[in-house]
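What follows is a set of notes on a single structure, which appears directly below.
The values are calculated or read from the model by the stated rules, or taken from the named source; none is laboratory data. For clarity, every value in this text was computed on a predicted model and none was experimentally measured. Cβ sites come from the backbone with ideal geometry, for glycine too, and all protein chains shown count toward neighbours. We work out accessible area using only protein heavy atoms, side chains counted, and drop any ligands, DNA or RNA first. Shrake-Rupley method; radii C 1.70, N 1.55, O 1.52, S 1.80 Å.
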Amino acid sequence: MNYYTNNSAGRKFESPAVGAHNMCCAPDAALKAVNMLTEDSRLISKLFFRLLPIQILLAAIGAVNGIVSGLFASNYVGSEAMAAVGLYGPVNTFLAAVGVMLMGGSQLLCGKYMGRNEKERTNSVFSLDILISVILSAAVTAALAVAAGFNLTGFLGGGEAERHILNQYILGQAIGVLPLVVSQQLSAFLSLENRSKRTTAASIVFIAVNLLLNYLFVAVGKMGAFGLALAGSLGQWVFCGIQAHYFLSGKSLLRFSLRDSRMKDVSEIIRIGYPGALANGYMTLRGLAVNALITGFVGGAGLSAMSAANSFLGIFWALPNGVLAVSRMLIGVSIGEEDRKSLTDVMRVAFYRCVPIMCAVSALLIFLAKPLTGLYYQDAADPVYQMTVMGFRLLPICMPLAIFCTHFTCYAQASGKQLLVHILSLLDGLVCVAAFTFILIPFLGMNGVYAANILNGIVCAVFPLLYSCVRRKRFPRDMEEAMDIPDGFGAAEDDRIDSAVHNMDEVVTVSEKISAFCREKGIDRRRSFHAALCLEEMAGNVVVHGFPKDNRKHTADIRLVKKNDDLILRVKDDCPAFDPAERRSIMDPEDKTRNIGIRIVYGAAKDIQYQNMFGLNVTTMRI
């Protein structure tokens, strides 16, 4: 596959400027709103929705386990087992906090290093992340086993009947803690290596194993709560093993190696990751507080209703959680590249495309509240039935609201806005839900708990805008101001060109823009010519040779930045992987008539770096 031939020689194209990026100059705010996702955003949008399904699937794995456990608990063990599942919720939230801290810190740090093309440091982060995951999860496993074995689980709440069942459930869950935490990390790194199909296969196997073992242990073997938990734990080991096999096979780019690890990156992973995990940590405390309030004001029926609604809705929470996982990866890379346009495009895709989808899903769940309740409880006269129906009618409203809060938290975490991260984590994780529940539950019962979650979503969605208002002393006028991106981050608008090309006419048009840009910036004629020529050769060959490789629509994203005395040209495309350095290394130095394009580019550029990220070719040239 040769992307590099000479496309520009002897050609002259006359076409209007691509100009999608020029719309940002329009003074009309309504026009900006209509064009919030312009043609230039297509590559980010396509990448976002290509990565999204596997991230949703990954986020749904735990939810599937919860649904299966809930159905077998309510239908084969009893409502006490359902209450035990609910009482274990804070422990699951704590494990999620550990996983999010490690995954969030390592993903964002890897994204920054990948954006800077620092491959060795990316590998170091991978090794350290897996090592820390194993150590921490082993410690949690031992603590859970001791607590359940010696009946030290009273802090989780519930009466004696629930406590006995809870201890059995915890012993089974302890077996699966290590693969649960480690597989979460491996899933993120498989996405970085563009090996999501392996995770998909592992997910399908997990679901099948989980169903089979639940049937054998619970329905046939009558192993009760211990069987419920053991089935999921063994399924997690299978899931983790399938993922780990790729990294042990020698085929992966990332290799586990303690020898090459930079131990000082441990503190960096934790420093970056722990603010994002604070919300889950606070949720652990929130779960304990809310469980105590439900036990005191409503009783075991309220715990069972909340557990049933949450266990089923967990699979739909996979959508906003999957959106966040994709955004976390792309935000990390955008910050590493100091690319403010891609950074805002990620947020626009999440808000303007994913939130409407989540609203539609939430409306469907509300409509199906009674049929979904029937999966767990069939007696409409039983108080737990009506409480569960209201859970299905009210809790889905929180899902689209959560996308706003989690994304602002993720961006703040990646950009070092620690104060905003701490405030949002505290509000979302503990203060709002616990406080609103305390106020409303004496009057509304379980409906007060559900309403508290909705009010929490509203407060946490609005707060980042209020934060930006205080910082900038005016209401945000666009996404950059809503995110409060510092003026000094990346290249200013006057020092960069961002365009998307889809054919050779547009390639030449952007080349002409680059020439004009260089003249305006006082760049000498030689470098101006080389910048335009490199763009035509690199982007032109992608269009001519990369685009026709399949029947899909493709986009090449062009970015030119003037930084100090350097011109930095980046070409990013979604065609099959191709490293120009590999093509150069196999060229015949005696045959000057072949691969003229690549010879020109390597002769004109000071430095050329290539990497494949998330299935995208990213070639960066310093001229």
* Go through Arg552, Arg527, Arg519 for me and flag whichever is open to solvent by 20 Å² or more (accessible area, probe 1.4 Å) and touching a residue at least 40 places away in the same chain (Cβ under 8 Å). => Arg527
* Asked: Residues that are open to solvent by less than 10 Å² (accessible area, probe 1.4 Å) and closer than 30 Å to Gly296 by Cα: which helices (runs of 4 or more DSSP H) entirely in the range 141-246 hold 2 or more of them?
  -> 160-174
* From the list Asn321, Asn291, pick out the single residue that is closer than 30 Å to Lys370 by Cβ, touching a Pro at 6+ places or on another chain (Cβ under 8 Å), among the polar types (S, T, N, Q) and crowded, with 18+ Cβ neighbours inside 10 Å. => Asn291
* Structure fact -> When the range 551-583 is checked residue by residue, the ones that are touching a Phe, Trp or Tyr at 6+ places or on another chain (Cβ under 8 Å), within 27 Å of Glu512 (Cα to Cα) and either hydroxyl-bearing (Ser, Thr, Tyr) or at pLDDT below 80 (or both) are Phe578, Asp579, Pro580, Ala581
* Asked: Are any residues in the range 295-316 surrounded by fewer than 24 Cβ atoms within 10 Å (Cβ to Cβ), within 19 Å of Phe155 (Cα to Cα) and not hydroxyl-bearing (Ser, Thr, Tyr), and if so, which ones?
  -> Gly296, Phe297, Val298, Gly299, Gly300
* Structure fact -> When the range 324-351 is checked residue by residue, the ones that are of a type in the set (D, E, K, R), surrounded by fewer than 23 Cβ atoms within 10 Å (Cβ to Cβ) and modelled with pLDDT of 85 or more are Arg348
* Among the candidates Glu193, Glu162, single out the residue that is acidic (Asp, Glu) and under 17 Å from the mean Cα position of the chain (by Cα). => Glu193
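Among Ser257, Ser249, which is under 22 Å from Leu190 (Cβ atoms), open to solvent by 20 Å² or more (accessible area, probe 1.4 Å) and at pLDDT below 80?
One residue alone meets the criteria, Ser257.
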* Return the only residue of Gly299, Gly332, Gly287, Gly232 being on the phi > 0 side of the Ramachandran plot and of a type in the set (Gly, Ala, Ser). => Gly299
* the range 512-524, subset within 13 Å of Ile623 (Cβ to Cβ) and assigned to a helix (DSSP H, G or I), residue nearest to the chain's Cα centre (by Cα) -> Ile514
* Residue ID - farthest from Thr122 (Cα to Cα), chosen from residues in the range 260-272 that are open to solvent by 60 Å² or more (accessible area, probe 1.4 Å) and among the aliphatic types (A, V, I, L, M) -> Ile270
